[in-house]
Structures are given as structure tokens and as C-alpha cells.
Amino acid sequence: MNLNLLGTPMLLVDNQPVPLSPRTALLCAYLALSPPGGRLRSTVAAQFFADCPVEAARRRLNTALWRLQAEVRSRTGVELVGRPGNQCLALSPAAKMRIDAVVFEDQLAPVLARAPGTLSLESVARIEGALALHRGPLIQACDDDWVLTARHRIETLYVTALDYLIQHHGARGDLGAVGRYADLALTVEPLREDIHRHVMTAYAGAGRLDLVERQFEQCRLVVLTELGADPMPETLELYGRLTGGDGASGFSVPGMVAELEHARRELTRLGTSIDRVLDRLYRL
């Protein structure tokens, strides 16, 4: 039995999905992410049905648990939910479930504990195997508090693993892999200037200063758009060193155009604010 939590939650038996209602699937995911001893029933009820009085939340939890047990039992004959203690709930060990998020973390943790420059081919394969499990953020459609901490931890691992591959393949001149993994990492964390720097270094090592320029401008534009600032001094210094120029002054035409566009938007915003205040003053 497999439970996929990366992306849209899905329970599979013999690689065939088990139909679960959205709320039932979410409860299954919640129990799968519980600590080994399970969670208190009162905690589960309070987190899942926070908009209900305590007694109503307890009744709704009982109904949700019954539906989860029934929907899984009808397809597998397995009692999915166990009770490690009278007041606790957890998935039953008898279910023998493989959870993709757990496998993802277990595969990456020992590899990412080492420096990226020490990756063996076996470690690279291990990282790539873990990344193949990542079909999206943890329980993608849910933004409840109980999932956000685990989601952040997994997304941080995901981006770090991609950065390791960028550095590994960059040192070997495989620019196709560098570009592919950079796109994935920067889609999640576009403001990670350390990743932009690693990509620039890889391109420079292969003699592709045109790609260094392109990556720098991508970094510069996103920092300008999101933060209204210039890249970090480390990024400017690296750009200048790689291109043989002054990183603080070597901006291209697209970069200057973007800066002017940003300034124009700011002036428009300020003009609108001034007009609004003046209009209120005239009405006094």
C-alpha cells in the first residue's frame, strides 16, 4: 500500500488508486504525518474541526474516522486506523504503508549531510531517485497550520538537493543538467542568490559568458521586482570576477530597462496616492 503526499494526496493499492473523499484523504495524510505514538483524539478534533464546538468536533471526527476505515477496508480488507492508546490515533502498523514524503526525506538526509563537492555517482542517483518522488508541495491543496511546518522542511530539502546537483553537474560541464535543475530550484525559490551564483559559476567554467550574463540578469530582475533592491554584494562581486568587469556597474540594457520600468511603476503609485490625498483635502 502506497500513500502519496507530495502533490495531491492519493492512496494506492497494487498501483491502483483507492477512491477517497477529499476530507477522508486529508485525514489519512494527517495521521500518516503523526509522530510514532500517534496524536491525541482531542488534538485531531481541534485541528480538523476548529470551527466547531468541542463536542461537535468530536462527533465529526468519529464520522470522518468511520468513513476512512470503511473506504479503505472495502478495497483492501485492512483496518487502516489503529489506536496505540485509548486517547490516541495513528495509522495501523498492519497496513504496511509506504509514504512517499517519508521515503523522500530518508533518501536525502544522509546525502545532504555531506558537502556537495563530495558526491559520488551513487549519491547522485540517490538524490535523483528522491527528486522523482516530488510531484508537488506536501499536501498541495491544504494550507492548514499542521502541514505548513512539514511542507517547509520538505521544500527546503528539495531545493537543497537541486542545488547539490547544480554544483555537481556544473563541475563536470553538463550545462543541460545545470539549466534543468536550476529552473526547478528557482521556480520554488527565485530569490535564492546562492543558487544563481552556483549557476553562473557553472556557466563560466564552461566558457559560456553569455549564459553568465543571462543568469545574472535573471537574478537582478527578480531581486529588483520582488525587493526593489540590487543583488547582494557577493553576487555582484562574482559577476564582475567572472566577466572581467565591475559587477556594480556592468549592467546590461535589459537590466537598466527593468530598473526604469520599476521606477516608473513606483512614480505612478506615488502619483495615485498624492491625488487621493489631495482629493480628500479639497473636500474638507
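The values are calculated or read from the model by the stated rules, or taken from the named source; none is laboratory data. In this text, all values refer to a predicted model and were calculated from it rather than measured experimentally. Heads up, the Cβs are rebuilt from the backbone with ideal geometry, glycines too, and the neighbour counts pull from every protein chain shown. Quick note on the areas: whole protein, heavy atoms, side chains included, nothing else; ligands and nucleic acids left out. Shrake-Rupley method; radii C 1.70, N 1.55, O 1.52, S 1.80 Å.
If the condition is being free of Cβ contacts under 8 Å to residues at least 24 places away in the same chain and under 20 Å from Leu108 (Cα atoms), then the stretch 162-181 contributes Ala177, Arg180, Tyr181. Within the stretch 132-149, being closer than 13 Å to Ala50 by Cβ and of a type in the set (S, T, N, Q) holds for no residue. Look at (1) without any contact (Cβ under 8 Å) to a residue 40 or more places away in the chain; (2) farther than 19 Å from Asp145 by Cα and you find that Pro35 fails only one, number (2).
Taken together, the residues in the stretch 77-126 that are of a type in the set (Val, Ile, Thr) and open to solvent by 40 Å² or more (accessible area, probe 1.4 Å) amount to 2.
Scanning the stretch 134-159 for residues that are open to solvent by 20 Å² or more (accessible area, probe 1.4 Å) and touching a Leu at 6+ places or on another chain (Cβ under 6 Å) gives His134, Arg135, Arg151, Leu157. In the stretch 58-68 there is no residue matching the filter, namely being over 21 Å from Leu148 (Cβ atoms), at pLDDT 90 or above and within 25 Å of the chain's Cα centre (by Cα). Of the residues making up the stretch 213-224, one or more are out of contact with any Phe, Trp or Tyr (no Cβ under 9 Å at 6 or more places or on another chain) and open to solvent by less than 20 Å² (accessible area, probe 1.4 Å). Residues in the stretch 160-194 that are open to solvent by 40 Å² or more (accessible area, probe 1.4 Å) and under 19 Å from Glu234 (Cα atoms): Gln167, Glu189, Pro190, Leu191, Arg192, Asp194. If the condition is being touching a strand residue (DSSP E or B) at 6+ places or on another chain (Cβ under 8 Å) and of a type in the set (Lys, Arg), then the stretch 74-112 contributes Arg75, Arg83, Arg98. Residues that are in contact with a Cys (Cβ under 8 Å, 6 or more places away or on another chain) and closer than 12 Å to Ala64 by Cβ within the stretch 3-44 comprise Leu20, Leu26, Arg41, listed in sequence order.
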